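*Asks:* Here it is, the structure, as structure tokens.
Computed from the coordinates by the stated procedures, all read-outs in this text should not be read as laboratory data. All figures in this text were calculated on a predicted structure; none of them were measured in a lab. Because the Cβ atoms are built from the backbone with ideal geometry, glycine has one as well, and the counts that use them run over all protein chains shown.
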């Protein structure tokens, strides 16, 4: 069975923007700022045999404040710069009650079927409680980057780290690799 690392996009791969005191995704490729050392650390994961799959909620499309084409444009820029195997995007809002919007595990389950993944050998890395819930529901090990996004919520990730490099260290250590 294959193994993968699922990554949230905004707040894990790239910086979020602050608009009106709220954390938001970049509105276009020119606002995109990828965190340092992401490329190097994705390379470490690929070398260890992991697929890299981005699973991201982009509800601004359903809300009418962003277009699907712009989200795909941002994802294309990221894919040109980083070794990402696939982007899976939920364009719905919470009220849509779809199975693909995190905290539901639909996107992870879809990937498992497509790639023959053994989800108990996979990791979900994110910066929000919804990422952790999706990962747990799918049977993945979960790694939470940072603490602020879960304030006041009962989140129990398998691991908590400060940055993506530390998340990769945890993943490789759990797999007996350097």
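*Asks:* When the stretch 18-40 is examined, which residues are found to be in a helix (DSSP H, G or I) and farther than 15 Å from residue 85 by Cβ?
*Replies:* Matches in the stretch 18-40: 29, 30, 31, 40.
*Asks:* OK, next. How about the stretch 79-110: which of its residues are part of a helix (DSSP H, G or I) and under 13 Å from the mean Cα position of the chain (by Cα)?
*Replies:* Within the stretch 79-110, the subset part of a helix (DSSP H, G or I) is 79-81, 94-96, 106-110.
If the condition is that a residue be part of a helix (DSSP H, G or I) and under 13 Å from the mean Cα position of the chain (by Cα), then 107, 108 are the ones that fit.
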